[in-house]
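All remarks here apply to the structure that follows.
The values are calculated or read from the model by the stated rules, or taken from the named source; none is laboratory data. These figures come from a predicted structure and were not determined experimentally. Cβ atoms come from the backbone with ideal geometry, glycine included; neighbour counts cover every protein chain shown.
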Amino acid sequence: MKHSYDIVIIGGGMVGATIACALGGSQLHVGVVEPVAALRSFPEEFDNRVSAITRATQNVFVNLGAWDGMAARRVQPYREMRVWDAGGNGAIHFDCTELGEPNLGHIIENRVILAALLDRMAQFDNIDFLCPAEAQGMHLGDERAELYLADGRTLHAKLLIGTDGSSSWVREQSGIDTTGWAYDQSAVVCTVKTSKSHRDTAWQRFLPEGPLAFLPLPHGYSSIVWSTGHERAGELCAMPASQFLDELQLALTGTIPGAGLAGSLRLPRFAPGETFGDALGRMETVGPRAAFALRLQHADHYVRPRLALAGNAAHTLHPLAGQGLNIGIADAVELAEVLLAGGRDPGRLSLLRRYERARKGDNIAMLAAMDGFKRLFSNRSTPLAWLRNGGLNVTNRVAPIKHFFMRRALGLGGELPRLARAPRS
Ligand SMILES: Cc1cc2nc3c(=O)[nH]c(=O)nc-3n(C[C@H](O)[C@H](O)[C@H](O)COP(=O)(O)OP(=O)(O)OC[C@H]3O[C@@H](n4cnc5c(N)ncnc54)[C@H](O)[C@@H]3O)c2cc1C
């Protein structure tokens with residue numbers, strides 16, 4: 001049994017499904033191969049995997065016709081962001097009203113993003129979703145590529161796209177090496193309820209062991225991303241819920257030994273008499289916890305003749321600023337736009353190189369920036385602590401610098417692919 005496509009996408013996660021939607025309705029015949037059937041029903045409990053998405057990513061979802069499916073399920077806008085350093089008095093406060101924007105972005109459960117993209121994908125006649133289906137072998141020829149599935153089917157295509165995540169099988173099969181390193185941290189994720197409202201604000205405290213973020217969800221819940229040493233992460237996942245809530249409270253509000261006067265007495269204040277940490281009140285309930293080992297990883301090449309990589313298959317970074325999916329979505333739309341403009345053979349190297357040139361520099365800059373922040377904030381040296389606290393406070397006070405960072409946080413800095421620009425009303 002044989003099937004012929006123009007393009008086969010291997011990995012129907014959020015990035016792969018975005019590429020498929022962007023190619024929807026075109027002349028290109030596209031297959032999407034995904035081994036895991038996504039959850040399509042929505043239990044009341046929140047998924048502990050969520051993503052902070054930028055305005056640019058939201059624009060992509062709106063332009064592709066997938067946003068309404070997300071909004072109809074569950075999305076939470078955040079209007080403010082408060083970041084502070086546990087090792088000093090440095091703090092920064094972003095407020096969307098300073099830029100005349102309705103919000104700074106949205107927090108959305110990953111399963112909500114994926115379900116809405118898959119619903120949209122199903123509306124296009126030129127897209128076949130092969131799920132569950134598992135790739136077992138591949139061959140990149142001069143004129144076409146072949147993909148061998150575990151159920152015996154062979155798919156022929158002019159181009160294979162690997163969007164199969166950080167441990168990409170496609171990347172490995174095509175002999176593309178990666179550069180990077182494992183961090184000394186895992187991220188513990190879970191959903192908590194706090195006694196005070198999150199005020200539509202994303203809160204992040206930089207602790208010496210790693211950042212602790214509270215991302216707002218509907219109905220007063222918050223999604224936690226707590227980066228810490230691997231052993232400690234394992235303990236935090238295994239301990240009883242009540243003990244975890246106490247530890248979380250301490251991590252958010254406690255003073256840091258060795259941070260001296262700056263760390264203990266001069267905590268940034270949210271309102272008179274109330275420090276940032278106190279602003280969320282008591283930690284009341286916690287859902288299931290999970291931990292993810294963190295790493296930086298970058299594919300040495302994004303393309304080969306008849307092959308392209310996108311999303312986490314091409315790059316993985318520290319989640320401290322919630323950028324991994326956002327840059328993956330930027331890959332997705334850039335690649336789709338190049339392919340749509342590329343004529344009859346979407347697998348030729350000269351065409352694919354346009355995509356690589358457009359994305360690689362931006363992605364490397366983002367990976368380097370996140371790696372730099374990770375190192376700067378994990379460092380206990382006193383001069384560095386003064387420097388970063390001073391840097392945070394200066395950025396907070398000097399409007400042009402602050403607005404530059406806010407526009408970057410919205411994903412609106414630099415040249416944007418057409419699909420990431422604001423939709424015409
Ligand atoms: C703790 C944490 C918090 C994060 N928070 C944010 C955030 O706030 N904002 C943000 O932008 N990013 C965030 N990220 C990053 C974000 O989750 C990833 O960048 C994003 O999931 C990458 O999407 P993807 O589609 O490239 O890969 P994945 O989501 O990994 O999807 C890969 C898909 O490929 C499939 N697959 C795997 N192997 C095969 C195979 N052999 N054949 C076919 N299919 C296969 C999988 O089943 C899956 O569906 C966070 C990451 C972590 C760890």
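So which residues in the stretch 1-25 are β-branched (V, I, T) and near the ligand (Cβ under 6 Å from one of its atoms), if there are any at all? Even if it seems obvious, please write down each step before you answer.
Filtering the stretch 1-25 down to residues β-branched (V, I, T) leaves 7-10, 15, 18-19.
Across the stretch 1-25, the qualifying residues are I10, V15.
If the requirement is being within 12 Å of the ligand (Cβ to nearest atom) and farther than 24 Å from K374 by Cβ, which of these qualifies: L130, L99, L28?
Details: L99 fails: within 12 Å of the ligand (Cβ to nearest atom); L28 fails: within 12 Å of the ligand (Cβ to nearest atom).
It is L130.
I'm trying to understand the selection: among the residues of the stretch 133-172, which are within 14 Å of the ligand (Cβ to nearest atom), part of a loop (DSSP other than H, G, I, E, B) and among the basic types (K, R)?
R153
Considering only the stretch 193-215, I want to know if a residue exists there that is within 13 Å of the ligand (Cβ to nearest atom), part of a loop (DSSP other than H, G, I, E, B) and either surrounded by fewer than 17 Cβ atoms within 10 Å (Cβ to Cβ) or touching a residue at least 24 places away in the same chain (Cβ under 8 Å) (or both). Explain how you work it out, then say what you get.
We begin by selecting, within the stretch 193-215, every residue within 13 Å of the ligand (Cβ to nearest atom); these are 202, 204, 210-215.
Of the ones still in play, those that are also part of a loop (DSSP other than H, G, I, E, B) are none.
Checked the stretch 193-215: no residue is within 13 Å of the ligand (Cβ to nearest atom), part of a loop (DSSP other than H, G, I, E, B) and either surrounded by fewer than 17 Cβ atoms within 10 Å (Cβ to Cβ) or touching a residue at least 24 places away in the same chain (Cβ under 8 Å) (or both).
Here are some residues: R380, R357. Which one is surrounded by fewer than 19 Cβ atoms within 10 Å (Cβ to Cβ) and either of a type in the set (S, T, Y) or at pLDDT below 95 (or both)? Quick ask: steps written out before the conclusion?
Values: R357 fails: either of a type in the set (S, T, Y) or at pLDDT below 95 (or both).
Just one listed residue meets the conditions, R380.
So if I check each of G220, G234, which one is at positive phi and surrounded by fewer than 24 Cβ atoms within 10 Å (Cβ to Cβ)?
One residue alone meets the criteria, G220.
Is there any pair with a first residue in the stretch 53-72 that is in contact (Cβ under 8 Å) with a residue 24 or more places away in the chain and more than 13 Å from the ligand (Cβ to nearest atom) and a second that is assigned to a helix (DSSP H, G or I) and β-branched (V, I, T) whose Cβ atoms are under 6 Å apart and which are 6 or more apart or on different chains, and what are they?
Between residues of the stretch 53-72 that are in contact (Cβ under 8 Å) with a residue 24 or more places away in the chain and more than 13 Å from the ligand (Cβ to nearest atom) and residues that are assigned to a helix (DSSP H, G or I) and β-branched (V, I, T), the close pairs are M70/V112.
Matching residues to (1) farther than 23 Å from P288 by Cβ; (2) at pLDDT below 95:
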{"position": "V170", "(1), (2)": "yes, no"}
{"position": "S174", "(1), (2)": "yes, no"}
{"position": "T178", "(1), (2)": "yes, no"}
{"position": "W181", "(1), (2)": "yes, yes"}
{"position": "V192", "(1), (2)": "no, no"}
{"position": "K196", "(1), (2)": "yes, yes"}
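Within the bounds of the stretch 74-88, is there any residue that is buried (at least 20 other Cβ atoms within 10 Å of the Cβ) and of a type in the set (D, E)?
There is at least one residue in the stretch 74-88 that is buried (at least 20 other Cβ atoms within 10 Å of the Cβ) and of a type in the set (D, E).
Could you list, in sequence order, the residues of the stretch 405-420 that are free of Cβ contacts under 8 Å to residues at least 24 places away in the same chain and exposed (fewer than 13 other Cβ atoms within 10 Å of the Cβ)?
Within the stretch 405-420, the first condition is being free of Cβ contacts under 8 Å to residues at least 24 places away in the same chain, and the residues that meet it are 408, 413, 415.
Passing the criteria: only E415.
Considering each of R49, R79 in turn, give the residue that is closer than 30 Å to L248 by Cβ, at pLDDT 85 or above and away from the ligand (no atom under 13 Å from the Cβ).
Details: R49 fails: away from the ligand (no atom under 13 Å from the Cβ).
Being closer than 30 Å to L248 by Cβ, at pLDDT 85 or above and away from the ligand (no atom under 13 Å from the Cβ) holds for just one of R49, R79, which is R79.
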